[in-house]
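Below is one structure, written out as structure tokens; the observations come after it.
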Amino acid sequence: MTVVIKIISITGLALNIIPALLTFNDIISFDHYKILMLAGTLMWFLTAPFWINRNQQKGV
Amino acid sequence: MIDKKSQVSLNEGSITSQLDHVNDFEREPVPASRTKGFKDFLALVAGEHIAGTEFVIGPLFVLHGVSATAVIFGLLIGNILAVLSWTLFCAPLAVKTRLTLFYLLEKIAGRKLVSLFNAISGLQSTVFAAFMAIVAAGGIVLMTGLPNQSFTQMQPSHFSWMLLIIVLMALITFISISGIDWVTQFARVTTPWLPWIFLASGIAVLPQLGVHSLSDFWQVANTKIWTGMPAAGMEHFNIWHIIFFSWLANTALHIGLQDTFIYRYAKRSWYGIASFGGMFIGHFMAWIASGILCAAAIQVGIGDPTPAQVAMIGAGIAGGICVIIAGWTTANPSLYRAGLAVQGIFPNVKRWKITLLLGIGATVLGFFPGVVSKLDSFLAVFALIAAPVGAVAFMDVYLFPRLGLQQNYSYNNKGKTNWAAGGSWVISIALSYLLFVWLKLDFFFFMAIPGWIIAAISYVLLSKLMQGKNEQAEILIRVR
């Protein structure tokens, strides 16, 4: 289950950068880019809390 | 920018277990078995220097009329100098002593002086909390459609701004008093996400400024982003301002040695090089990206954009969320830390009372949104205060044994206050300020390095004087 959640999180992060590159290269519009950024942000925040703090607690 | 490892989480509900965590080797050297490898450090410090402040600093460079060459090369040189400061000063000392700066200072200077320094750090954190609440409030204003508030104007232009600050600071103060554990955990979630928002926004708005391929960038950078022309009422900054700002924005952490808190866990002294990741993500990429966003805002007619306007132009609602989260997750631990620090000077007053008072102070400061445009000056003043403290500790650890001077004076003299340390601190700040006025400089950051050197020299001289007198007094007592 954690693996699936992590994949969604990482896809969310990817959606926070790839659309910017597509906009820069004039492949998608700026409005579409903003929608994808919001989608990526939501994907990250709805999934990352389930695994990220578990990993952090093992740190320094 | 923000010292996130000091965002210590305390929860009133589980205070004993939390305190156990907080006091982890706070008054003893970190044992070799608990030291960490390089990879751990890289992961730990990579996200350390990206916060709400980055939305303020990048645009400040644009508004101060910095040229494109000055920004790129200034940030490159300044950030390399900052990394070297961690690598050559902070990390080696941390690995040698394995102590936090505060405990080391207590051994050197005595509890009274440490409490005083702690309290000043606390007040700095309070001001910082107010700054970040203003940044977050700017995001809320834009997202909710409340009347817009300019950040270059000192006075609030709408009553709704004051009301919003009161509500936001009340919430921040309440959370700081009752426990910030979940805020800290939430901040850990935001750290990997923030850099992408900056990077994506910076890239996505480039076509709006006329950049359609990499070859267009330099020309647009010079003519539309960092034009070299300051905004009305702003002083002109050149490459030296950028070098010193990017080098010394974290003075307290590197040459001020507060990052010993984290580097005392390093296996090797060269691990300070790990700061490269944090610096070049937060203080290079993010400052350049937010500068580009500021130029895009100016192009659409927003002359003095707020951090929220900058972020929303670059990433829409995701940008607005970014500003609110970055501001709020920085403001909360800042006020919490301030309460703890100031309590050091009034140990008999409850922490919640102190935090409440500081929260009220931060609220009043938050009424004046224009203070955010003074962030660079504020950081510079604190650099001037923090640099001498690092110099005292550095001299005590490395030079005193060679000069035959007694190290850890207070610890070895039954907790006596080390007035040589206190004196050198005052001399350094006073002389630096006089030099600043005499040389008619326009940037306090220029004085942080001279301040460090003045403190180092005066601490050695005053210690020689003080310890020599003590020896004479001891000989006299023995003769009698």
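The values are calculated or read from the model by the stated rules, or taken from the named source; none is laboratory data. Here the structure is a predicted model, which is why all the values come from computation and not from measurement. Cβ atoms come from the backbone with ideal geometry, glycine included; neighbour counts cover every protein chain shown.
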Original post:
From the residues in segment B:1-48 that are modelled with pLDDT of 80 or more and in contact with a Phe, Trp or Tyr (Cβ under 9 Å, 6 or more places away or on another chain), which one is farthest from B:Ala266 (Cα to Cα)?
Top reply: B:Glu28
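For segment B:28-101, list the helices (runs of 4 or more DSSP H) that sit wholly inside it and hold at least 3 residues that are β-branched (Val, Ile, Thr); which are they? Write out each step before concluding.
Details: elements: B:38-46, B:54-63, B:68-85, B:91-97.
Filter on segment B:28-101 gives B:54-63, B:68-85.
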Original post:
Does B:Thr69 fit the bill of being within 23 Å of B:Gly233 (Cα to Cα) and of a type outside the set (D, E, K, R)?
Top reply: yes
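I'm trying to understand the selection: among the residues of segment B:363-378, which are part of a helix (DSSP H, G or I) and surrounded by fewer than 23 Cβ atoms within 10 Å (Cβ to Cβ)?
Taking segment B:363-378 as the starting set, the residues that turn out to be part of a helix (DSSP H, G or I) are B:363-366, B:369-378.
Within segment B:363-378, B:Thr363, B:Val364, B:Leu365, B:Gly370, B:Val371, B:Ser373, B:Lys374, B:Leu375, B:Asp376, B:Ser377, B:Phe378 meet the criteria.
Condition test on B:Ile120, is it under 28 Å from B:Gly256 (Cα atoms) and surrounded by fewer than 20 Cβ atoms within 10 Å (Cβ to Cβ)? Working first, answer last.
Numbers: under 28 Å from B:Gly256 (Cα atoms): yes; surrounded by fewer than 20 Cβ atoms within 10 Å (Cβ to Cβ): yes.
Judged against the criteria, B:Ile120 is a match.
Would you check if there is a residue in segment B:312-327 being within 24 Å of B:Ser67 (Cβ to Cβ) and touching a helix residue (DSSP H, G or I) at 6+ places or on another chain (Cβ under 6 Å)? It would help to see each step written out before you state the result.
Taking segment B:312-327 and keeping what is within 24 Å of B:Ser67 (Cβ to Cβ), we get B:313-314.
This time we only want the ones that are touching a helix residue (DSSP H, G or I) at 6+ places or on another chain (Cβ under 6 Å), so: B:313-314.
Yes, there is a match, as at least one residue in segment B:312-327 is within 24 Å of B:Ser67 (Cβ to Cβ) and touching a helix residue (DSSP H, G or I) at 6+ places or on another chain (Cβ under 6 Å).
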Subject >> Selection count, segment B:121-140, where residues are at pLDDT below 90 and out of contact with any helix residue (DSSP H, G or I) (no Cβ under 6 Å at 6 or more places or on another chain) >> reply: 1
**OP:** Taking the residues in segment B:263-292 that are within 12 Å of another protein chain (Cβ to nearest Cβ) and charged (D, E, K, R) as candidates, determine which candidate is nearest to B:Ala94 (Cα to Cα).
**Re:** B:Arg264
Original post:
Which one of the conditions (1) polar (S, T, N, Q); (2) in a helix (DSSP H, G or I); (3) surrounded by 16 or more Cβ atoms within 10 Å (Cβ to Cβ) does B:Asn250 fail to meet, given that it meets all the rest?
Top reply: (2)
Original post:
Residues of segment B:152-174 being under 17 Å from B:Trp328 (Cβ atoms) and either touching a helix residue (DSSP H, G or I) at 6+ places or on another chain (Cβ under 6 Å) or touching a residue at least 24 places away in the same chain (Cβ under 8 Å) (or both), which ones?
Top reply: B:Trp161, B:Leu164, B:Ile165, B:Ile166, B:Leu168, B:Met169, B:Ala170, B:Ile172, B:Thr173
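For segment B:381-401, which positions are among the small types (Gly, Ala, Ser) and surrounded by fewer than 21 Cβ atoms within 10 Å (Cβ to Cβ)? Let's see the steps before the verdict.
Keep residues of segment B:381-401 that are among the small types (Gly, Ala, Ser), which gives B:383, B:386-387, B:390-391, B:393.
Hits for segment B:381-401: nothing passes.
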Subject >> Matching residues in segment B:94-118 - criterion: being touching a Lys or Arg at 6+ places or on another chain (Cβ under 9 Å) and within 15 Å of B:Gln258 (Cβ to Cβ) >> reply: B:Ala94, B:Thr97, B:Leu99, B:Thr100, B:Tyr103, B:Glu106
Original post:
Scanning segment B:193-215 for residues that are surrounded by fewer than 17 Cβ atoms within 10 Å (Cβ to Cβ) and not in a helix (DSSP H, G or I), which turns out nearest to the other protein chains (Cβ to nearest Cβ)?
Top reply: B:His212
Subject >> Among the candidates B:Ile225, B:Ile166, B:Ile239, B:Ile175, residue that is out of contact with any Lys or Arg (no Cβ under 9 Å at 6 or more places or on another chain) and crowded, with 23+ Cβ neighbours inside 10 Å >> reply: B:Ile225
Original post:
Can you spot a residue in segment B:293-301 that is more than 30 Å from A:Ala39 (Cα to Cα) and more than 14 Å from chain A (Cβ to nearest Cβ)?
Top reply: no
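Residues to consider are B:Ile454, B:Ile427; find the one that is surrounded by fewer than 22 Cβ atoms within 10 Å (Cβ to Cβ) and at pLDDT 95 or above. If you could, list the steps in order and put the result at the bottom.
On the way: B:Ile454 fails: surrounded by fewer than 22 Cβ atoms within 10 Å (Cβ to Cβ).
Exactly one of B:Ile454, B:Ile427 is surrounded by fewer than 22 Cβ atoms within 10 Å (Cβ to Cβ) and at pLDDT 95 or above, namely B:Ile427.
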Original post:
B:Ile317 versus (1) farther than 23 Å from B:Pro156 by Cα; (2) away from chain A (no Cβ under 14 Å): which is the lone unmet condition?
Top reply: (2)
